Amino acid sequence: MSRCTERPVSVSAYKKTAPISLALLIIFGIIVGLYIANKPQKQSRTATATAPAVLQTDEKNPQAISIPIKVTAQNWNEKSTPVILHLKGTDGNAKGSDVYHAATYEEVASGKAAVLLVDGSYDISVISPINADGSLYDTALLTAKIMLKRTQNPQDTKAYTTINLGELPKIEANNVTKEQLQRIVADVTTAVANGDDSLKGKAGEKILSDVQTNAAANSSGR
């Protein structure tokens, strides 16, 4: 299996002023670490950022916050399958939660990709998209830790913290192994069975069907 080159998982924050409709505002401090195994010649780096955010209303989970997702990948397009984040809560209100969320190319490109999270700590792993030619991205060693903290601050204006996964290293179709494709199909099957609304119902059925179709398109899997 190809190794991904080491890249920090960066976190960016941007402010978006709007009338404040809620008295309780929260600040999320997000700490993301990218850990790459078997790279003794290089050291992992940790990016940190803090941004204010207002409590977003969600019918199913009123305490959830919409956190935008950014990611880039060469040749990832509307014919590719989504990138899927697996977020496992380890502390705070998130403890015990196990969230799979799919972000499609169209959502990311339009700036609409986001995941609903409550405050707490999360371990994150990433399931690679599969492109129409059977190529994919090396996310096997890509992991991150996110810590979301809450505090009261009525003076904050509306803003969002962004999870930026950076650029995913591409594995060309002729370098993809059958084992890699089989693992992604299995992981996506699990994600569809246990995912949030982005993976439920017809959306999940289409994602799984597209994953199987794009994986089958790779006739050179080693």
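Taken together, the values in this text are just the output of simple stated rules run on the coordinates, not laboratory data. Here the structure is a predicted model, which means the values were calculated and not measured.
Take the alpha carbon gyration tensor of region 92-140, find the square roots of its eigenvalues, order them as a ≥ b ≥ c, and report rounded if a/c is under 1.5; if not, report prolate when a/b exceeds b/c, else oblate.
Here region 92-140 falls in the oblate category.
Rounded, prolate or oblate: which one fits region 54-146, using the alpha carbon gyration tensor with axes a ≥ b ≥ c (rounded when a/c is under 1.5, else prolate when a/b beats b/c, else oblate)?
Oblate.
Starting from the Cα gyration tensor of region 79-216, take the square roots of the eigenvalues, sort them a ≥ b ≥ c, and report rounded, prolate or oblate (rounded when a/c is under 1.5, otherwise prolate if a/b is larger than b/c, else oblate).
Prolate, since a/c reaches 1.5 and a/b exceeds b/c.
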